[in-house]
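Following: one structure in structure tokens, then a few remarks.
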Ligand SMILES: [Zn+2]
Ligand SMILES: [Zn+2]
């Protein structure tokens, strides 16, 4: 099969791999589409420590089960499944036992610890694969599997009160999905982003305002989420919070956060928190909720053999909404 692997020099290259047989507890998935996530850039560029040499990135994988290990009962050949970032936890540590498996110190990740979905086939532990609603097209399901799920967890971590005022900083794949969930649930949305096209998209989706990345929103916020991987956004986002507000930083990687001023940024019980991966429960919830709320990702499709170009476009802010690779198109 063909696959894209990291070179260790900030590039990807096309390689030929044997189709891997499923090990105990695993599914072999014939990939149809794979979303392109900013984390793939961090893996390619080495912003995230190298966990596996020449790893195949991709953790928003939609495909069909092509084979199952003998001990798998949860899925069968022919089932349509999703493969996401979180691919293994220990199940025994105190975080796993408390319903916070996203914090498991022994957790492992698709497209970082193990090969992911920039390939014709990929493996996944059956316990971490998602069944997909039948009415959710492949191209719409893919961006939900990371951008959607992480954004959904960020929204929950931001503790937005019902009908509250939400600020979103940066408006890429994750943000534009999260915005739709929040709006459908009655939020008043303010989007702050440097990209004029993203501001237009935000307003078209129903945002009450859209301003520049470092602008103050027209009203104080009950909750905010920083999606852009830019630590410089943390002080203005905190300053925009009303008393008791929460700022959740959604990125796995963030540039340095400048010195904070206690009075301007934190006092009045403002909370600064982060988002680390997700639990399977987050994923199951979002995959049911998104189609029910009418969430529609704006998708920029790429053919499989342009995965490197898709990542370059993402790095240079040339992607509108969510980029997805079409792998199924390779086949007759
Ligand atoms: Zn654990
Ligand atoms: Zn991701």
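The values are calculated or read from the model by the stated rules, or taken from the named source; none is laboratory data. Just so it is clear, the structure is predicted and the values come from calculations on it, not from any experiment. When we count neighbours, we look across all protein chains shown, and the Cβ atoms used for this are built from the backbone with ideal geometry, even at glycine.
Worth pointing out:
- Some residue of the range 284-296 being surrounded by fewer than 17 Cβ atoms within 10 Å (Cβ to Cβ), modelled with pLDDT of 95 or more and farther than 20 Å from residue 149 by Cβ: no
- Counted residues, the range 124-160 - those being assigned to a loop (DSSP other than H, G, I, E, B) and either touching a helix residue (DSSP H, G or I) at 6+ places or on another chain (Cβ under 9 Å) or in contact (Cβ under 8 Å) with a residue 60 or more places away in the chain (or both): 7
- Among the residues of the range 224-236, some residue qualifies, meaning at least one is touching a strand residue (DSSP E or B) at 6+ places or on another chain (Cβ under 7 Å), over 21 Å from residue 316 (Cβ atoms) and surrounded by 24 or more Cβ atoms within 10 Å (Cβ to Cβ).
- Residues that are part of a helix (DSSP H, G or I) and in contact (Cβ under 8 Å) with a residue 24 or more places away in the chain within the range 237-279 comprise 237, 238, 239, 264, 265, 266, listed in sequence order.
- Selection count where residues are assigned to a helix (DSSP H, G or I) and either under 19 Å from residue 208 (Cα atoms) or modelled with pLDDT under 95 (or both), scope the range 220-235: 0
- The listed residue being touching a residue at least 60 places away in the same chain (Cβ under 8 Å) and either more than 22 Å from the chain's Cα centre (by Cα) or farther than 15 Å from residue 85 by Cα (or both), out of 11, 40: 11
- Filter result for residue 39 (away from ligand 1 (no atom under 16 Å from the Cβ) and under 19 Å from residue 252 (Cα atoms)): yes
Listed here are the residues, each with its yes/no results for (1) at negative phi; (2) surrounded by fewer than 19 Cβ atoms within 10 Å (Cβ to Cβ); (3) in a helix (DSSP H, G or I); (4) without any contact (Cβ under 8 Å) to a residue 60 or more places away in the chain.
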| residue | (1), (2), (3), (4) |
| --- | --- |
| 122 | yes, no, no, no |
| 162 | yes, yes, no, yes |
| 182 | yes, no, yes, yes |
| 186 | no, yes, no, yes |
| 202 | yes, no, yes, yes |
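- Only one entry in 296, 306 is farther than 22 Å from residue 229 by Cβ and not in a helix (DSSP H, G or I), namely 296.
- Options 82, 116, 111: the member that is at positive phi, within 16 Å of ligand 2 (Cβ to nearest atom) and modelled with pLDDT of 95 or more: 111
- Verdict on residue 42 being surrounded by fewer than 20 Cβ atoms within 10 Å (Cβ to Cβ), part of a loop (DSSP other than H, G, I, E, B) and within 16 Å of ligand 2 (Cβ to nearest atom): no
- Residue within the range 198-215 that is within 25 Å of residue 86 (Cβ to Cβ) and at pLDDT below 95 present: no
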